[in-house]
1. From the residues in region 115-126 that are part of a helix (DSSP H, G or I) and touching a residue at least 24 places away in the same chain (Cβ under 8 Å), which one is surrounded by the most Cβ atoms within 10 Å (Cβ to Cβ)?
2. Against the condition open to solvent by 10 Å² or more (accessible area, probe 1.4 Å), in a helix (DSSP H, G or I) and more than 27 Å from Gly137 (Cα to Cα), how does Ser361 come out, does it pass?
3. Residues that are in a helix (DSSP H, G or I), small (Gly, Ala, Ser) and open to solvent by less than 10 Å² (accessible area, probe 1.4 Å): does region 62-74 have at least one?
4. Does region 95-114 contain at least one residue that is more than 23 Å from Leu352 (Cβ to Cβ) and open to solvent by 20 Å² or more (accessible area, probe 1.4 Å)?
5. Being in a helix (DSSP H, G or I) and in contact (Cβ under 8 Å) with a residue 40 or more places away in the chain is the filter here; which residues of region 314-324 pass it?
6. Can you find even one residue in region 137-147 that is open to solvent by 30 Å² or more (accessible area, probe 1.4 Å), more than 12 Å from the chain's Cα centre (by Cα) and on the phi < 0 side of the Ramachandran plot?
7. Identify the residue in region 344-365 that is of a type in the set (D, E, K, R) and farther than 15 Å from Pro157 by Cβ and, among all such residues, is modelled with the highest pLDDT.
8. In region 181-209, which residues are of a type in the set (A, V, I, L, M) and more than 18 Å from the chain's Cα centre (by Cα)?
Amino acid sequence: MSRLAQAGSPRAGMLACICDPQFDLPANDNSHGRPNAVPLALGFAFAVLAQTLASGILPIAGAMLAPRPVLATLPFAAMMLGAALASFPASFLGDAFGRRTGFALGASLGIAGGAVLALGLLQRQFAFACLGALWLGMAQGFSFFYRHEAAASAGRPAAATAGVMAGGLLAALVGPTLASFSEALFSPFLLVGSAVLAALAHTASLGVAVRLAPDARPWIDTGAAGPLKAIMAPTLLGMLAWFGMSLVMASAPLALMDCGVAEGAVFGFIALHVAAMYAPAVPLALLGRYLKPQAVAAGGTLLVLLAYPLQHTDATSLVTAALILVGAGWSAATVGCTAWLHQSARPGRLALALHDGALFSAAILGAALAGRFF
């Protein structure tokens with residue numbers, strides 16, 4: 001017997017690498033072909049359903065569970081913070097490992113967030129409610145990258161972005177009905193049914209995400225990224241729209257109650273506002289190819305600015321008009337700024353992360369300052 005085994009010959013105790021050199025690079029599951037717009041819109045719709053439910057749950061949950069009144073807004077703030085924090089991993093993971101991996105991770109965070117929030121409500125644990133809200137917010141941050149995926153892979157980014165966001169309209173319309181059914185199912189445990197439904201919505205979103213892209217390619221083949229300075233204008237305009245939307249939205253319930261609207265009826269007005277946030281995406285999906293993204297973004301921001309003074313009135317109709325205007329303006333501004341971002345040069349991972357992080361940060365600032373302006 002030879003004293004030395006031949007190279008490549010297996011033997012007991014021998015350590016060998018079975019890795020194929022061609023797979024040394026990180027695998028990216030983004031296919032060369034364009035993704036189908038329907039799954040992107042469907043995944044976004046399920047995420048919007050969860051977002052709508054969480055937005056209605058968290059202010060009430062904070063008031064119920066907070067050890068001190070000053071902490072009552074912390075769960076809602078945690079959701080917004082989670083969305084901002086998710087911008088960077090959502091961008092980098094989606095580009096490095098593919099759309100399927102990124103969106104699946106975001107949906108998984110949403111499932112866990114809804115479950116932890118439900119547990120916190122059952123056990124009356126404020127810390128659990130805040131943690132669940134944070135994870136739900138991170139899922140929201142991941143889901144907003146559906147619009148980037150559509151815009152980056154389409155020849156008409158405005159129409160593609162609007163098409164994805166239009167999926168949120170159906171979720172916004174059926175959300176209140178589904179929430180009422182789930183609350184009745186879990187009665188007498190208040191809000192637990194809605195939290196469970198939010199987790200189930202992200203479960204459906206996960207089912208869509210894992211089916212998005214079957215083909216693999218190295219992430220280095222995704223192309224050269226454009227300069228960071230190209231995102232400056234659409235990001236600043238988008239921040240103004242998101243700031244104004246959050247500023248008006250955060251004070252809307254109190255403004256409506258000052259007008260004599262009962263607490264229970266406020267949720268109907270909020271549902272109308274959420275529907276207005278996604279309704280303009282339907283016509284924009286059809287007409288976006290004929291409109292300049294800059295004009296759409298500017299028009300949307302103008303609607304947001306027009307909504308602000310209406311919030312100061314004592315008339316329920318004008319406050320309602322403010323909610324509709326700010327929702328529609330936010331939608332148009334988001335569609336326009338996203339298309340503007342993608343029309344000239346392909347934004348890189350850092351650019352997309354900075355853009356969405358800036359938008360969510362502006363929304364957080366608007367919510368924080370709402371009490372000072374109203």
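1. Per the stated criteria, the residue is Leu117.
2. Answer is no for this residue.
3. Kept after step one, since they are in a helix (DSSP H, G or I), are these residues of region 62-74: 62-65, 69-71, 74.
Narrowing the set further to residues that are small (Gly, Ala, Ser) leaves 62-63.
Next, from what is left, pick out any that are open to solvent by less than 10 Å² (accessible area, probe 1.4 Å): 62.
Yes, the conditions are met somewhere in region 62-74.
4. yes
5. So in region 314-324, the residues in a helix (DSSP H, G or I) come out as 316-324.
Answer for region 314-324, where residues must be in a helix (DSSP H, G or I) and in contact (Cβ under 8 Å) with a residue 40 or more places away in the chain: Thr316, Val319, Thr320, Ala322, Leu323, Ile324.
6. no
7. Checked region 344-365; the qualifying residue modelled with the highest pLDDT is Asp356.
8. Ala184, Leu185, Leu190, Leu191, Val192, Val196
The values are calculated or read from the model by the stated rules, or taken from the named source; none is laboratory data. Fair warning: this is a prediction, and the values are worked out from it, not measured in the lab. Note that we place each Cβ from the backbone using ideal geometry, even for glycine, and neighbour counts take in every protein chain shown. Only protein heavy atoms, including side chains, enter the accessible area calculation; ligands, DNA and RNA are left aside. Shrake-Rupley method; radii C 1.70, N 1.55, O 1.52, S 1.80 Å.
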